[in-house]
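*Asks:* Got a structure for you, written out below as structure tokens; questions coming shortly.
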Amino acid sequence: MAGRLRALLCRATANLAIEEKKVQWQFSDLEVDLTERRVIRAGKVVDLTPREFDLLIQLLRNAGRIVSRETLAREVWQETRRAAPIDNVIDVHITRLRRKIDDGYARRLIHTVRGVGFALKEGATG
């Protein structure tokens with residue numbers, strides 16, 4: 001009985017430590033808090049849908065590299081086979097995410113690499 005109680009107490013303490021630790025990513029003037037699922041660009045909170053947030057996280061994990069539509073379909077939508085309809089869905093979500101992240105800012109962060117995929121990188125003014 002005491003052993004089980006000790007194990008429960010250890011688990012509760014470990015969970016509390018994880019909850020207290022905030023995981024934050026920074027890219028340029030973009031801040032992402034994974035614990036709170038909050039995004040801030042240049043000090044302004046950006047409201048994202050859960051899917052847009054997951055898409056942004058995938059781009060952040062691969063910052064500076066091209067992320068293919070196939071990777072996004074697999075990692076964000078859990079689609080194992082890529083088809084034209086999922087490509088259209090990805091394009092719509094990227095467009096919405098780009099509007100929320102890039103519109104109104106001098107530097108764009110989300111870039112399309114035509115025929116290949118998308119990249120999160122500091123880019124030209126737009």
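Readers should treat all values here as calculations from the given coordinates under stated rules, not as data from a laboratory. Quick caveat: nothing in here was measured; it's all calculated off a predicted structure. Note that we place each Cβ from the backbone using ideal geometry, even for glycine, and neighbour counts take in every protein chain shown.
*Asks:* Would you be able to tell me the number of residues in segment 55-77 that are farther than 22 Å from Glu122 by Cβ and under 10 Å from the mean Cα position of the chain (by Cα)? It would help to see each step written out before you state the result.
*Replies:* Step one: of segment 55-77, the residues farther than 22 Å from Glu122 by Cβ are 69-70, 73-77.
Then keep just the ones that are under 10 Å from the mean Cα position of the chain (by Cα); that gives 76.
So the answer is 1.
*Asks:* Can Arg51 be described as surrounded by fewer than 18 Cβ atoms within 10 Å (Cβ to Cβ), under 11 Å from the mean Cα position of the chain (by Cα) and either part of a helix (DSSP H, G or I) or in contact (Cβ under 8 Å) with a residue 60 or more places away in the chain (or both)?
*Replies:* Working: surrounded by fewer than 18 Cβ atoms within 10 Å (Cβ to Cβ): yes; under 11 Å from the mean Cα position of the chain (by Cα): yes; either part of a helix (DSSP H, G or I) or in contact (Cβ under 8 Å) with a residue 60 or more places away in the chain (or both): yes.
Yes; evaluated as a whole, the condition is true for this residue.
*Asks:* For segment 77-126, which residues satisfy the criterion of being without any contact (Cβ under 8 Å) to a residue 12 or more places away in the chain and surrounded by 15 or more Cβ atoms within 10 Å (Cβ to Cβ)?
*Replies:* Across segment 77-126, the qualifying residue is only Glu79.
*Asks:* Right, next: Output the number of residues of segment 54-75 satisfying the condition of being touching a residue at least 12 places away in the same chain (Cβ under 8 Å) and either among the aromatic types (Phe, Trp, Tyr) or farther than 17 Å from Val32 by Cα (or both).
*Replies:* Number satisfying all stated conditions: 10.
*Asks:* If you scan segment 23-38, which residues turn out to be assigned to a strand (DSSP E or B) and touching a residue at least 24 places away in the same chain (Cβ under 8 Å)?
*Replies:* Within segment 23-38, Trp25, Phe27, Leu30, Val32 meet the criteria.
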